[in-house]
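The numbers here are math on the coordinates, done by the rules we state, and not lab data. Quick caveat: nothing in here was measured; it's all calculated off a predicted structure. Ideal geometry is used to build each Cβ from the backbone, glycine not excepted, and the neighbour counts take in all protein chains shown.
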Amino acid sequence: MTEMLDNRVRTVLRAHQDGDAISALYETGEISAATFPALDARINEVEDRGDHEDARDLTAVLTYAVEVGERPAVPNWVNRTDV
């Protein structure tokens, strides 16, 4: 299992909200089939602009999402800190 915690997912995604699948994960913890390609595309964009540290963090979020799998919104998502 990934070392990524829910609160770290939100921290990483704060600057990458897209009004769609990435925002849903950031705001509610929802992971849908659209989350994976959206994160992959964002990683590529970030890599292309040379921000390798941010790309690494986004890759960790993608790994987290793949390991967790698709899920509906998570109750109390914004207050989760140790999961």
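Data for the structure
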{"quantity": "R80 being surrounded by fewer than 16 Cβ atoms within 10 Å (Cβ to Cβ), touching a helix residue (DSSP H, G or I) at 6+ places or on another chain (Cβ under 8 Å) and among the basic types (K, R)", "calculated": "yes"}
{"quantity": "Those residues of segment 62-77 which are outside any helix (DSSP H, G or I) and crowded, with 16+ Cβ neighbours inside 10 Å, in sequence order", "calculated": "V74"}
